[in-house]
Each structure stands twice: as structure tokens, then as C-alpha cells.
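Chemist: So that we are looking at the same thing, I have put the structure below in C-alpha cells.
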2 protein chains.
Amino acid sequence: MTTTPRTRLSPEQRREQLLDLGVRLLAHRSLDELSIDLLAEEAGISRGLLYHYFGSKQAFHEAVVRHAADDLIAQTTPPTDGEPLVRLMTSLTAYVDYVVANHEGYVSLVRAAAGGNESLRAIYEDARSSLNSRAFREDLRGEVVADTPANRLVVRAWSAMAEDAVLTWIDDPHGMTQEDLIGFLVASLPAVIAVTPEG
Amino acid sequence: MTTTPRTRLSPEQRREQLLDLGVRLLAHRSLDELSIDLLAEEAGISRGLLYHYFGSKQAFHEAVVRHAADDLIAQTTPPTDGEPLVRLMTSLTAYVDYVVANHEGYVSLVRAAAGGNESLRAIYEDARSSLNSRAFREDLRGEVVADTPANRLVVRAWSAMAEDAVLTWIDDPHGMTQEDLIGFLVASLPAVIAVTPEG
């Protein structure tokens, strides 16, 4: 069942629209469940046209995941004004909201990246690196996190802790409210930086 | 090329010996590279006999990984005497030594578990749970970590941080000595517990 879009879009706009749809479909599905057939059905266009836009299932998955990662980075952008820890809290609140709203897709990305799909791993690592490097532009308790190699390692490891905490909390809140969880995430970054050796 | 063992071992002893060999072979190999053929060659016995002992490649991998996890748990057992943070340091030093010595096998287990192999994931989670529950039997700065749900979530997340820190450090030390790394791991546990909400 092929329908013609009512508005004429450029190929770039059409591809963008299909990626937005792919990201929405991924929110509550694993990558394995996100097929070209499903996207074709939901978009009301032919599989052939989707292959024209994306080339292959793997290329389609990469494009959707990259789009989702860009959304995550955009949605968690800290405000430019305000107290450093309040800005960090705003950003981490958006992160928790994102993972809650896109749980299935997020978990399947983490699994695909960790499980050795090299191109998805590269997209995941790029996004993580973009998120983490924000720490070095933020003031924490009045001090910028010094951009040392040791602090880079620790911020990266802290983000693994944050991700594990959020995913565990979604499965079982362990008696913590969302506010408790975010408070922990915010406070734990300066706490671990404080015990990092000079490097 | 089948050879007969010089000492007559019981089937249980023989299986144990084969698992020890499997664990040694896994240290510098991924699970994908650890085949029944390789074990047969290294053990000097027939593939048929290995299938008799283990049933299938998947069952063989599970047995080897369970054996490796038991080794990790045994090797990182904290001493029963001494200052709490010294005991924690002894245990974490053994953990870092283990991951350094078994890097390829350890990474491939983490990837297999994270990548969705459910039986390997269960073994990994069991081992992690055994390691983490030690925190609740240790005194830190004179106080036992209270066994609350929130602290359970945080200790689990802290162990994800520790694992990420060690694996990143092995790839690139980021200017940190092994002593620096272990110092960070030891100090970060009470640091994150200190900012955990009562739960």
C-alpha cells in the first residue's frame, strides 16, 4: 500500500522524516525488531523506496541510531546560565527522562554496542564521548573539572555508573524516587572527581 | 592424535582439568576463538571425548566461563583481618590483577553478557552479585555499608564504574599508575555511598 505524501518534500527532508519515524519506532522496540518492513508499513511506502534511501538494514539501523544519539545529545544540552550543579542536574534529568522514554531502544543500543557490533559501537562511543566532554566545560562547586587524562578516565567510568544506575532503577527503583536518583547522579560526579589522583 | 593420560583420573577430575585448561586458553582469547577443536588439540584428546564431557560448544563455553568466574571470586576474596579499607584494597588489587592477566577472555565475557547471550549473562550477573554483596559485609571507615535497597543499586553501579575504569586503564593508563587506579577504586566506594540517599 503505497501512498504519496501530500506535501512535496526534498529527498533530504523525506529521509529526515523517515529517520524521525524510525527513532519513534525504536523507543519501544529493540533494534532486532526494527525492520525495513515495519518502517515501510508505518510510513506507508514501499520497501524498495526505503532501500533506495538507506541501502541496507544495517545502514538503516546505523542512521536511526545516529539520529537517536543526536536527539539524546540535543535534549540533554545543559542550560548556559545558572549554578553549575543546577545545570548538571537539568542535563541529568533530561538524560533520565530520555532513557525512561526510549528504554527498549536504548537498552538494545547498549547491548549491540557492548556485544561487538563495531559500527553501532562507534556511534555509541561518539555520543558518550560528546556527553562526557561536557563535564570539562562545567563548573562543579565553583571549579571546572580539570581536563587531565585521569579525570577523563574517571568521568567516562562515572558515566558507566550513571548508565547502570538508571537502567537498574528503571527495572527496579530500589526505593529511590526519580529525584533521589538524579540527586545521586549529580552528587556522585564531584564525589568521584574529589578522590581522583592528580594525573 | 589421541594420547592417554598417564595418571588415571576420575571423570570429575578429568573434567576439572579440562576446565582449568579452558580457562587458561580463554585468558588471551575471546570466547569465539575458544573452540572444542582448540581444546582437543591442547589437551591431546579427541573432539568426541570433549563432546562426551561437555555436550555442545555452548555448554562448554558456559562451563569454562563459570569456572573462570569461580576463580575470580576466589582470587578476590578479601582477607578476614585488617582495616576495612585495606581489606577492600587487597580485594580490588586482586581484581585488577585478574582483569589484566585475563584481559581478552574477560572482555569477551563482558561483551557476550552485555550482547544478550542469556546464559552467559546469568553467569556474569551471578558473579557480579557475589562480588558486590561483599561490600555489605565490609566495614568502610568504621561503618558497615547499610544493606538498603538504594545502597544495593549504588554498589552495583559503582562496580560498573570500576569495571569501566579498569578496562579503559588497560587500553590507555591515562597517566595513572596501577596504584593510582586502585586508590581511586578504593576511595570511590565510600565516596558514592556518602552521597546515596537513605532508601
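Chemist: Ignoring ligands, DNA and RNA and using a 1.4 Å probe, state the total buried accessible area between B and A in Å², rounded to the nearest 100. Write out the running numbers ahead of the final one.
Modeler: Numbers: alone 11130 and 11110 Å², together 19480 Å².
Its buried surface, counting both partners, is about 2800 Å².
Chemist: Points 7 angstrom from Cα along the Cβ direction at B:Y51 and A:D32: gap in nanometres?
Modeler: 2.6 nm
Chemist: Would you look at the GNM of chain A, springs on alpha carbons closer than 10 Å, and say which of A:L120, A:L153, A:L19 moves the most?
Modeler: Its mean-square fluctuation being the largest, the pick is A:L153.
Chemist: Please label the shape of the stretch B:76-194 as rounded, prolate or oblate, based on the square roots a ≥ b ≥ c of the eigenvalues of the alpha-carbon gyration tensor (a/c under 1.5 means rounded; beyond that, a/b larger than b/c means prolate, else oblate).
Modeler: On the way: a/c = 1.79, a/b = 1.23, b/c = 1.46.
It is oblate, given that a/c is not under 1.5 and a/b is not larger than b/c.
Chemist: If you count, for each residue, the other Cβ atoms within 10 Å and average over each peptide, how do B:63-76, A:77-90 line up from highest to lowest? Working shown, then result.
Modeler: Working: B:63-76: 18.2, A:77-90: 14.4.
The peptides rank, most packed first, as B:63-76, A:77-90.
Chemist: Assuming a ≥ b ≥ c are the square roots of the Cα gyration tensor eigenvalues, decide whether chain B counts as rounded (a/c under 1.5), prolate (otherwise, with a/b larger than b/c) or oblate.
Modeler: Details: a/c = 2.22, a/b = 2.14, b/c = 1.04.
In terms of gyration-tensor shape, prolate.
Chemist: Round to the nearest 0.05 the FRET efficiency obtained for A:E16 and A:V86 when R0 = 45 Å and r is the Cβ-Cβ distance.
Modeler: Numbers: r = 33 Å, r/R0 = 0.74.
After rounding, the FRET efficiency stands at 0.85.
Chemist: For chain B, what's the relative contact order in percent, using C-alpha pairs closer than 8 Å and at least 6 residues apart?
Modeler: Relative contact order, chain B: 20 percent.
Chemist: Let me ask something else. Shielding by partners for B:148-156, please: the mean number of other protein chain Cβ atoms within 10 Å of each residue's Cβ. Don't skip to the end; give the middle numbers.
Modeler: Working: counts 3, 5, 8, 2, 4, 13, 8, 0, 5.
Across B:148-156, the average partner-chain Cβ count within 10 Å equals 5.
Chemist: Kindly report the accessible area of the protein assembly as shown per residue (heavy atoms of protein chains, probe 1.4 Å, no ligands, DNA or RNA), in Å².
Modeler: On the way: 19480 Å² over 398 residues.
Per-residue value: 49 Å².
Chemist: Across peptide A:69-80, what mean number of C-beta atoms from other chains lies inside 10 Å of a residue's C-beta?
Modeler: Details: counts 0, 0, 0, 0, 0, 0, 0, 0, 0, 0, 0, 0.
Per-residue shielding by partner chains comes out at 0.
Chemist: How high is the FRET efficiency between A:R8 and B:S129 when r is their beta carbon distance and R₀ equals 51 Å, given to the nearest 0.05? Provide the component values of the computation, followed by the final result.
Modeler: Working: r = 57 Å, r/R0 = 1.12.
Computed FRET efficiency for A:R8 and B:S129: 0.35.
Chemist: Need one number: nm distance between label points at A:D71 and B:E118, each 7 Å from Cα along Cα→Cβ, rounded to one decimal.
Modeler: 2.8 nm
Chemist: In addition: What ranking do B:160-166, A:35-41, B:43-49 get when scored by the average of other Cβ atoms within 10 Å per residue, highest first? Let's see the in-between values first.
Modeler: Values: B:160-166: 22.7, A:35-41: 16.1, B:43-49: 14.3.
Taking the mean over residues of other Cβ atoms within 10 Å, the ranking is B:160-166, A:35-41, B:43-49.
Chemist: Taking the Cα centre of each part, how many Å lie between the stretch A:158-199 and the stretch B:59-135?
Modeler: Taking the Cα centre of each part, the stretch A:158-199 and the stretch B:59-135 sit 22 Å apart.
Chemist: Anything losing 20 Å² or more of accessible area from the isolated chain to the full protein assembly: pick those residues out of the stretch A:107-127, probe 1.4 Å, ligands and DNA/RNA ignored.
Modeler: When all protein chains are present, A:R111, A:A114, A:G115, A:R121 each give up 20 Å² or more of accessible surface.
Chemist: May I pose another question? Point me to the residue of chain A whose C-beta lies closest to the A-onto-B rotation axis, rounding the distance to whole angstrom.
Modeler: A:G115, 1
Chemist: With charges set only on the Cβ (+1 for Lys and Arg, -1 for Asp and Glu), what does the dipole of the stretch B:99-199 come to about its Cα centre, in debye to the nearest 20? Can you show the working numbers first?
Modeler: Values: 8 positive and 15 negative charges, 53 e Å.
The calculation lands at about 260 debye.
Chemist: If you don't mind, another one. Okay, helix-only estimate at 222 nm for the protein assembly as shown: each DSSP H run of n ≥ 4 adds -39500 (n - 2.57), divide by all residues, round to 500 deg cm²/dmol; what do you get? Show your work: numbers first, answer last.
Modeler: Numbers: 18 runs with 276 residues, N = 398.
The helix contribution divided over the protein assembly as shown gives -23000 deg cm²/dmol.
Chemist: Mind checking A:162-169 for the average number of partner chain beta-carbons within 10 Å of each residue's beta-carbon?
Modeler: Details: counts 3, 4, 10, 8, 1, 2, 6, 3.
So the per-residue partner count for this stretch is 5.
Chemist: Full extension from B:D171 to B:A101: what is 0.36 nm times the residue separation minus their Cα-Cα distance, to one decimal in nm?
Modeler: Values: separation 70, 0.36 × 70 = 25.20 nm, distance 1.33 nm.
Full extension from B:D171 to B:A101 adds 23.9 nm.
Chemist: Scaled to the compact-protein estimate 2.2 N^0.38 Å, what is the alpha-carbon radius of gyration of the protein assembly as shown, rounded to two decimal places?
Modeler: Values: Rg = 24.0 Å, N = 398, 2.2 N^0.38 = 21.4 Å.
The protein assembly as shown yields a ratio of 1.12.
Chemist: Taking all protein chains in place and a 1.4 Å probe, what share, in percent, of the accessible surface of chain B do carbon and sulfur account for?
Modeler: Numbers: 4930 of 9750 Å².
Carbon and sulfur together cover 51 percent of it.
The values are calculated or read from the model by the stated rules, or taken from the named source; none is laboratory data. Fair warning: this is a prediction, and the values are worked out from it, not measured in the lab. Neighbour counts run over all protein chains shown; Cβ positions are idealised from the backbone, glycine included. What goes into the accessible areas is simple: the full protein's heavy atoms, side chains included, and nothing from ligands, DNA or RNA. Shrake-Rupley method; radii C 1.70, N 1.55, O 1.52, S 1.80 Å.
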